[in-house]
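The values are calculated or read from the model by the stated rules, or taken from the named source; none is laboratory data. As the structure is a computational prediction, the values presented were derived from the model and not from experiment. Positions of Cβ are generated from backbone atoms using ideal geometry, with glycine treated the same way; all protein chains shown enter the neighbour counts.
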Amino acid sequence: MGASKRFSARLKPGSDPGDVLIAAQAAVANFAAGAGLAQAATARLSVMVEEVLSNALRHGKAQKVRLHLRSVAGGIALTFEDDGAPFDPTRKRAFKGPDPQTGGGVGLALLNAWGHKPCYARIDGSNRLRVALRSER
């Protein structure tokens, strides 16, 4: 069986979403080391996780987030779940480049460029996104 890592967090009122992102990145690093991922694959995985979780926390106002990373044949299977506002990141949107003030706006483009076979569902009041990342070991 391949490497697997689960991460979950509940955002407390008044707490900084950055703390959740830092903890999630530590979970990604732990998973990547155990799965023997190449540096480039680890970097892409880290960016994808940060983008999806950051969007859920900041834009979707999620209070609970869950992440499951699994090593599978040919890559990594990622499952993200959150209780934030409904949002389907797999829906195609026109990409006009990053926001010149904040640099934001590239996360969905990166998710679609690096991920494959994305699948979104709204289940029992939660967003669920599954996506695969090809990896070099």
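Being part of a helix (DSSP H, G or I) and touching a residue at least 40 places away in the same chain (Cβ under 8 Å), is that true of even one residue in the range 12-22?
Yes, because at least one residue in the range 12-22 is part of a helix (DSSP H, G or I) and touching a residue at least 40 places away in the same chain (Cβ under 8 Å).
Can you name the residue in the range 1-32 that is among the aliphatic types (A, V, I, L, M) and over 18 Å from Asp83 (Cβ atoms) and is also surrounded by the fewest Cβ atoms within 10 Å (Cβ to Cβ) among such residues?
Going through the qualifying residues, I end up with Met1.
Filter the range 44-53 down to residues that are crowded, with 18+ Cβ neighbours inside 10 Å and of a type outside the set (A, V, I, L, M), then give me how many there are.
Residues meeting the conditions: 2.
Would you say Leu67 is closer than 12 Å to Leu129 by Cα and assigned to a strand (DSSP E or B)?
Judged against the criteria, Leu67 is a match.
Pairs needed: first member in the range 108-137, aromatic (Phe, Trp, Tyr); second member anywhere, surrounded by fewer than 16 Cβ atoms within 10 Å (Cβ to Cβ) and assigned to a strand (DSSP E or B); C-beta distance under 8 Å; at least 6 residues apart or different chains.
Hits for this filter: Tyr120/Arg128.
When you go through (1) closer than 21 Å to Ser126 by Cα; (2) within 10 Å of the chain's Cα centre (by Cα); (3) not polar (S, T, N, Q) one by one for Val47, which number turns out not to apply?
Here Val47 clears every test but (1).
Do any residues in the range 71-88 that are modelled with pLDDT under 95 have Cβ atoms under 8 Å from those of residues that are among the aromatic types (Phe, Trp, Tyr) and surrounded by fewer than 18 Cβ atoms within 10 Å (Cβ to Cβ), where the two are at least six apart or on different chains, and which pairs are they?
Going by the 8 Å Cβ cut-off, the qualifying pairs are Asp88/Tyr120.
Would you be able to say whether some residue in the range 33-43 is touching a helix residue (DSSP H, G or I) at 6+ places or on another chain (Cβ under 7 Å), within 19 Å of Glu81 (Cβ to Cβ), surrounded by 14 or more Cβ atoms within 10 Å (Cβ to Cβ) and touching a residue at least 12 places away in the same chain (Cβ under 8 Å)?
For the range 33-43, residues touching a helix residue (DSSP H, G or I) at 6+ places or on another chain (Cβ under 7 Å), within 19 Å of Glu81 (Cβ to Cβ), surrounded by 14 or more Cβ atoms within 10 Å (Cβ to Cβ) and touching a residue at least 12 places away in the same chain (Cβ under 8 Å): absent.
Name the residue that is nearest to Gln25 (Cα to Cα), counting only residues in the range 53-68 that are of a type in the set (D, E, K, R) and in contact (Cβ under 8 Å) with a residue 40 or more places away in the chain.
Arg66
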